[in-house]
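In what follows, a structure is listed as structure tokens, so that the remarks can point back to it.
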Amino acid sequence: MGLYRYAPRPSGRMGLLWTLGMIKGAAILEFGSMGHMLYAQRWLWQSNPDMASKLYTTHLDEKDIALGITKRFSLAVEEIIEKENPEVIFVLPSTVPAITGVDMDVLCEEAENEFGKQIIMLKKGSFHEKLHHGIEEGLYCLVKELVEKESVNRTEAVTYNLIGSCIDLAKFETDIYEMKRILKDCLGMEAACILTSDTSISQIKKMGGAHINLVIRREGIKAAKELKEKFHTDYVYGRPYGYQGTVRWLKQIGDKLDLALNEEFIERELHEGSYGFDYCRQAASINPHKAGISIGGNYDVVKGILDFAAREVGLEKKYIWCDAADYGDDSIPYQTEEELTKYITKDLDGILMADKSAYQMAGRNMGPIINRSLDNKNFNKYEPPYVGFRGAMNLCSLWLENIL
């Protein structure tokens, strides 16, 4: 890991923890030394007081590491089963097996045979893996290893799986509430599984019965393709931002399922937000020097909010970036911390939406964030969202505070 002035980018290990930590009926065991998981558990509690997964470590000592002793692994599995009796145990690697050469796959297979409990080994937990690698593997592994083929019978009601709701993003809970609301009121659809911020092992096993999969971040595409291959379930990729962007998202889903949109609901939502939307557009045209927007973070969130800001509201694009080198492109390039410090300075004017470190670079107090930092709390799950019709209303309100 290199040196950082503000904050290091989260590793694959954090991606796995933030993906698996909210699943009811699961336990997470890290093959590591004393102290592993304590900090992660504290952060997960700050993310969601209802954290569902139970976190454990094998508590290796110097002798175990030096001599390659693995007995603590089976003892830890035995204790977890006795204490929690989870439906599934996820095993995360640490630097220890990478250094000592312990074969974790063999350990997991032996423990699974010994205790009769499903144990799933994850691979993308090392520090050279990035956040999005861990999230992608976590989502894919869940559908590959857990979804039952018997769940292929479609539910009577029209249902969907939301794939990619993870706690690394700001507004992860309120965005889900808004998506569930508009899908229910506009298309009459019900959620089958929210992968993974609000789900359980039993719900994941039944994901094959949903009528469509809605992928709300790029890391979930691989999981959606696995479900399509297994159950011939189509998927839609994208996040609903802005007024017209939300209508397009709903129409795309409706077209896939041959469902008619509730035009009365859409007209009501558009009318409700029209005053703030028109006011924001007018303010941006009158004060163009304050109406530029710089935004960075998760690629899908940046793309969605930027489309609404530039195409619908008329804000000027200033400095745009994403946090994953694998996803960066000409329109939303990847930027390192060193590159960001050249542009995100105290001289930056206009609207800024990013993470805590970007606000520190710009010498500003905290404002609207895209990605959550390790010390971001999440105690109010009813704050306004970013997505959907109510998210558009909230964004216009936030931007007006900067423009006026």
Next on the checklist: Nothing charged except the Cβ atoms of Lys and Arg (+1) and of Asp and Glu (-1): what's the magnitude of the dipole of segment 12-129 about its Cα centre? Round to the nearest 20 debye.
Outcome noted: 440
Next on the checklist: Largest first and in whole Å, what are the equivalent-ellipsoid semi-axes of segment 151-262 based on the Cα gyration tensor, each being the root of 5 times an eigenvalue?
Outcome noted: 19, 17, 13
Next on the checklist: Filter 222/256; 144/251; 124/230; 144/180 down to the pairs with a C-alpha to C-alpha distance above 27 Å, please.
Outcome noted: 144/251
Checklist entry - For residue 398, what charge total do you get from the other residues with a beta carbon under 12 Å from its beta carbon, if Lys and Arg give +1 and Asp and Glu give -1? => result -1
Checklist outcome for this item: Lys and Arg at +1, Asp and Glu at -1: neighbours of residue 288 with Cβ under 13 Å from its Cβ sum to +2
Checklist outcome for this item: The set of residues whose placed amide H lies less than 5 Å from the amide H of residue 297, leaving out same-chain residues fewer than 5 positions away, is 321, 322, 323
Checklist entry - In whole angstrom, how far apart do the alpha carbon centroids of segment 156-221 and segment 245-316 sit? => result 21
Checklist entry - Projected area of segment 12-129, taken from the Cα convex hull and averaged over every viewing direction, in nm²? => result 6.7
Item to check | Sequence-distant residues sharing a close amide H with residue 55 (under 5 Å, placed H) | outcome: 28
Checklist entry - Quick one: what do you get for segment 158-207 if you divide its Cα Rg by 2.2 N^0.38 Å? => result 1.11
Next on the checklist: So I have [x] 0.99; [y] 1.04; [z] 1.10, and one of them is Rg/Rh (Cα atoms, Kirkwood Rh) calculated from this model. Which one is it?
Outcome noted: [x]
Checklist entry - Among all cysteines in the chain, which have no other cysteine Cβ under 4.7 Å from their own Cβ? => result 108, 141, 166, 186, 193, 322
Next on the checklist: For segment 104-166, which GluC sites (Glu not before Pro) pass both filters: DSSP loop (anything but H, G, I, E, B) and at most 14 other C-beta atoms within 10 Å?
Outcome noted: 148, 156
Checklist entry - Helix hunt in the chain: which complete DSSP H runs extend at least 20 Å axially by C-alpha with mean Kyte-Doolittle at least -0.5? => result 131-146, 172-187, 388-403
Checklist outcome for this item: Footprinting proxy, 207, 361: sorted fewest to most Cβ within 10 Å, the residues are 361, 207
Checklist outcome for this item: When the charge dipole of the chain is computed with +1 at the Cβ of Lys and Arg and -1 at the Cβ of Asp and Glu, the Cα pointing farthest to the positive end, of 273, 389, 21, is that of 273
Checklist entry - Cα to Cα, under 24 Å, and not fewer than 8 places away if on the same chain: which lysines meet these conditions relative to residue 318? => result 171, 290, 303, 342, 346, 356
Next on the checklist: Which three numbers, in whole Å and largest first, are the semi-axes of the equivalent ellipsoid of segment 302-404 derived from its Cα gyration tensor as √(5λ)?
Outcome noted: 21, 17, 15
Next on the checklist: Rounded to the nearest 20 debye, what is the charge dipole size of the chain about its Cα centre when +1 sits on each Lys and Arg Cβ and -1 on each Asp and Glu Cβ?
Outcome noted: 680
Checklist entry - Could you give the nm distance between label points at residue 258 and residue 109, where each point is 7 Å from its Cα heading toward the beta carbon? => result 4.7
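Readers should treat all values here as calculations from the given coordinates under stated rules, not as data from a laboratory. This is a predicted model, so every value here is computed, not measured. Cβ sites come from the backbone with ideal geometry, for glycine too, and all protein chains shown count toward neighbours.
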